[in-house]
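What follows is one structure encoded as C-alpha cells, with my remarks underneath.
The values are calculated or read from the model by the stated rules, or taken from the named source; none is laboratory data. The structure displayed is predicted, hence computed values, not measured ones. Cβ atoms come from the backbone with ideal geometry, glycine included; neighbour counts cover every protein chain shown. With ligands, DNA and RNA removed, areas are computed over all heavy atoms of the protein, side chains included. Shrake-Rupley method; radii C 1.70, N 1.55, O 1.52, S 1.80 Å.
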Amino acid sequence: MLSIRPAEIKDIEAITKIYNEAVLKTTATFDTVIKTVEEQTIWLKSHDNSHPVIISELQGKVNGWASLSPWSDRIAYSKTAEISIYVKEEFRNQGYGKKLMSKILDDGKVSGLHTIIARIADGNQVSIKIHEAFGFKHIGVMKEVGEKFGKIIDVHLMQKIYIP
C-alpha cells in the first residue's frame, strides 16, 4: 500500500537516485549533471514548513517525491513556490504522481502559500494534463530557454492560485 509522508534525511539517497534518473533520461529537469547525496542533503535541509518535501513509498521503499521550493529569494515572492514531482521510472503512469501532487498542493495551502508555479518542458503533455487537472492555468511559454539532449527547448509556465 502506498504511503505519503514528509521527507527525512534517511530518504535522501532514494530522492537523489530518483532525481538523477530524471537528469540523465528526461527533460523534467534542466540539470545536466547528476547531483551528489551531499548536494541533495543541503537542498532538503533548505526546505521548511512553507516549502515541504514529501515522499511516497511502497512496502517501505521510496518510489517518488514532490517539493514546493521558493520561487525567488526576494521577500515579495514569499507566498509563491515552484512545484516539482519526480517518480521512479518503473512507477510512472500508475497514478503515483497524481497522489504526490494532491498531497503537496494540500500541504502548500495549509502552509499559507498563495501561488504555485510549474515550469514544464515542451513535449511533456502528460505533465501539462496533470497540472491542468489540478487547477493549474497556462500563463505563458518561455521560448528556447533550455538546451538538453542536443535540442533547444521551450518551457511552459503554469500557475495555480489558492482561493481563500
Per residue Cα convex hull volume for the stretch 82-164, in cubic angstrom?
97 Å³
Normalise the Cα radius of gyration of the stretch 54-104 by 2.2 N^0.38 Å (N = residues in it) and let me know the number.
1.34
Quick one: Kirkwood hydrodynamic radius for the stretch 4-76, alpha-carbon pairs, angstrom, one decimal?
13.0 Å
The ³J(HN,Hα) series, computed from each phi in the stretch 131-148 with the Karplus coefficients 6.51, -1.76 and 1.60 at θ = phi - 60°, rounded to the nearest Hz and given as x for glycine or proline, is 4, 4, 4, 9, x, 6, 10, 6, 10, x, 10, 8, 7, 6, 9, x, 9, 8
Can you work out the accessible area per residue across the chain, with the rest of the protein chains kept in place, probe 1.4 Å, in square angstrom?
58 Å²
Cα-based convex hull, the stretch 16-58, per residue volume (Å³, whole number):
97 Å³
Listed residues 24, 68, 34: farthest to the positive end of the dipole of the stretch 1-71 (Cβ charges):
24
Quick check for me: using +1 on Lys/Arg Cβ and -1 on Asp/Glu Cβ, what's the dipole size of the stretch 1-109 about its Cα centre, in debye to the nearest 20?
320 debye
Give me the accessible area of residue 65, 1.4 Å probe, in Å² rounded to the nearest 10.
10 Å²
In percent, how large is the relative contact order of the chain, given Cα pairs closer than 8 Å and 6 or more residues apart?
19 percent
With every protein chain left in place and a probe of 1.4 Å, what is the accessible surface of residue 136, to the nearest 10 Å²?
0 Å²
In whole Å, largest first, what are the principal axis extents of the Cα atoms in the chain?
43, 39, 31
Using +1 on the beta carbon of Lys and Arg, -1 on that of Asp and Glu, and nothing else charged, what's the dipole of the stretch 62-112 about the Cα centre, debye to 20?
140 debye
So what is the relative contact order of the stretch 104-164, in percent, for Cα pairs below 8 Å that sit 6 or more residues apart?
42 percent
Residue with peak Gaussian network fluctuation, the chain [Cα springs, cutoff 10 Å], from 119, 92, 74:
74
